[in-house]
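Chemist: My questions all concern the structure below.
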Amino acid sequence: MELVSAMTQTNTTPPGGHAAVYDAFMWPFERAALGAWRRRLAARARGRVLEVGAGTGTQLRWYPAGAEVTALEPDPGMAARARRRAARAPATITVVEGVAEGLPFAAASFETALTSFSFCTVADPAAALRELRRVLIPGGRLLMLEHVHLPWQPGRRLQSWATPAWAAAAGGCRLDRDTGRSVREAGFSVLRERSHVLGWIVELEALSPAGLRPSSVSG
Ligand SMILES: C[S@@+](CC[C@H](N)C(=O)[O-])C[C@H]1O[C@@H](n2cnc3c(N)ncnc32)[C@H](O)[C@@H]1O
């Protein structure tokens, strides 16, 4: 796998230091529901898998034995925790530091890409999706578990109002991302979309366009 421009986009790299706080905050939600949704998502991964925004590696334990996973994470503190979790996981996992908007991989390197709760935080979702199209094989699978902008009012308006303060407090996490729409606008075909918590969290499976040569989708 060719490594290109790994950490050149330092402007999109969030500050580190909140890895332990993140794990403590997420623990009850993981136990209550997220673990089951993560497991279902990981079970759909095929071939070489790229996870983007792996954080502390909460998703890593759910990949089945035999899976070959590259986990990308820009925050060194998060990546260090993810490496420890990778070592204990049943799958073969390599943790790489880098950002979604400039993936350090050659075109068509992966059959599957997976994101969980990272598209709320990536600085430029459209650029990240262009990069995912580039590094996926044509017809490759995109699996996402993301919290999104609610489809109903007044929830949607409340999220828009709360986003600046929440993003400042929570490492850039935005409550107002229309990730499903961004995925469609990026040219992916959505096969499945399942909503949880009144539409706040979506589980999504999409395919990158088949029949396009990787070199023609980089722009
Ligand atoms: C809310 S955490 C989610 C972590 C993990 N995927 C999970 O499910 O718990 C968001 C992660 O996205 C990462 N991130 C932020 N900006 C990114 C970018 N531009 N490219 C890739 N990852 C990014 C953050 O460092 C953080 O680890």
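Chemist: Scan (1) more than 16 Å from the chain's Cα centre (by Cα); (2) within 22 Å of A170 (Cα to Cα); (3) in a loop (DSSP other than H, G, I, E, B) for the single condition G66 breaks and write down its number.
Modeler: (2)
Chemist: Could you tell me which of the residues T94, T58 is β-branched (V, I, T) and closer than 22 Å to T179 by Cα? Full working, then the answer.
Modeler: Numbers: T94 fails: closer than 22 Å to T179 by Cα.
T58 is the lone residue from the list that is β-branched (V, I, T) and closer than 22 Å to T179 by Cα.
Chemist: Continuing with this model, one more query. Only residues that are surrounded by fewer than 17 Cβ atoms within 10 Å (Cβ to Cβ) and in a helix (DSSP H, G or I): list them for segment 84-101, please.
Modeler: Residues satisfying the conditions are R84, A87, R88.
Chemist: One residue is enough: does segment 109-122 have a residue meeting the conditions out of contact with any Asp or Glu (no Cβ under 7 Å at 6 or more places or on another chain), part of a loop (DSSP other than H, G, I, E, B), within 17 Å of V49 (Cα to Cα) and more than 9 Å from the ligand (Cβ to nearest atom)?
Modeler: Looking for residues that are out of contact with any Asp or Glu (no Cβ under 7 Å at 6 or more places or on another chain), part of a loop (DSSP other than H, G, I, E, B), within 17 Å of V49 (Cα to Cα) and more than 9 Å from the ligand (Cβ to nearest atom), one finds at least one in segment 109-122, hence yes.
Chemist: Okay, next question. Please work out if G66 is farther than 18 Å from E203 by Cβ and of a type outside the set (A, V, I, L, M). If you could, list the steps in order and put the result at the bottom.
Modeler: Numbers: farther than 18 Å from E203 by Cβ: yes; of a type outside the set (A, V, I, L, M): yes.
So G66 fits the description; yes.
Chemist: Can you say whether A54 is part of a loop (DSSP other than H, G, I, E, B), within 8 Å of the ligand (Cβ to nearest atom) and either aromatic (F, W, Y) or modelled with pLDDT of 80 or more (or both), as far as the supplied structure shows?
Modeler: On the way: part of a loop (DSSP other than H, G, I, E, B): yes; within 8 Å of the ligand (Cβ to nearest atom): yes; either aromatic (F, W, Y) or modelled with pLDDT of 80 or more (or both): yes.
Against the criterion (part of a loop (DSSP other than H, G, I, E, B), within 8 Å of the ligand (Cβ to nearest atom) and either aromatic (F, W, Y) or modelled with pLDDT of 80 or more (or both)), A54 qualifies.
Chemist: Moving on. Just name the residue that is farthest from F119 (Cα to Cα) out of those in segment 32-51 that are of a type in the set (D, E, K, R) and part of a loop (DSSP other than H, G, I, E, B). First the steps, then the outcome.
Modeler: Filtering segment 32-51 down to residues of a type in the set (D, E, K, R) leaves 38-40, 44, 46, 48, 51.
This time we only want the ones that are part of a loop (DSSP other than H, G, I, E, B), so: 44, 46.
On the way: R44: 19, R46: 21 Å.
So, considering only residues that are of a type in the set (D, E, K, R) and part of a loop (DSSP other than H, G, I, E, B), the one farthest from F119 (Cα to Cα) is R46.
Chemist: Within segment 12-29, restricting attention to residues that are at pLDDT 80 or above and either surrounded by 14 or more Cβ atoms within 10 Å (Cβ to Cβ) or within 10 Å of the ligand (Cβ to nearest atom) (or both), which residue is nearest to L103 (Cα to Cα)? Spell out how you get there, then give the answer.
Modeler: Residues of segment 12-29 at pLDDT 80 or above: 19-27, 29.
In the following step, the residues that additionally are either surrounded by 14 or more Cβ atoms within 10 Å (Cβ to Cβ) or within 10 Å of the ligand (Cβ to nearest atom) (or both) were identified as 19, 22-23, 25-26, 29.
Details: A19: 22, Y22: 24, D23: 25, F25: 28, M26: 27, F29: 29 Å.
Among them, the one singled out is A19.
Chemist: Exactly one of these conditions fails for E68: (1) in contact with a strand residue (DSSP E or B) (Cβ under 6 Å, 6 or more places away or on another chain); (2) within 11 Å of the ligand (Cβ to nearest atom); (3) acidic (D, E). Give me its number.
Modeler: (2) is the only condition that E68 fails.
Chemist: Return the residues of segment 123-136 that are more than 12 Å from the ligand (Cβ to nearest atom) and charged (D, E, K, R); say none if nothing qualifies.
Modeler: The answer is R130, R133, R134.
Chemist: Could you give every pair whose Cβ atoms fall below 8 Å, whose first residue belongs to segment 15-28 and is among the hydrophobic types (A, V, I, L, M, F, W, C), and whose second residue is in a loop (DSSP other than H, G, I, E, B) and modelled with pLDDT of 80 or more, counting only separations of at least 6 or pairs across chains?
Modeler: A19/G55; A19/T56; A19/D75; M26/T58
The values are calculated or read from the model by the stated rules, or taken from the named source; none is laboratory data. Just so it is clear, the structure is predicted and the values come from calculations on it, not from any experiment. Ideal geometry is used to build each Cβ from the backbone, glycine not excepted, and the neighbour counts take in all protein chains shown.
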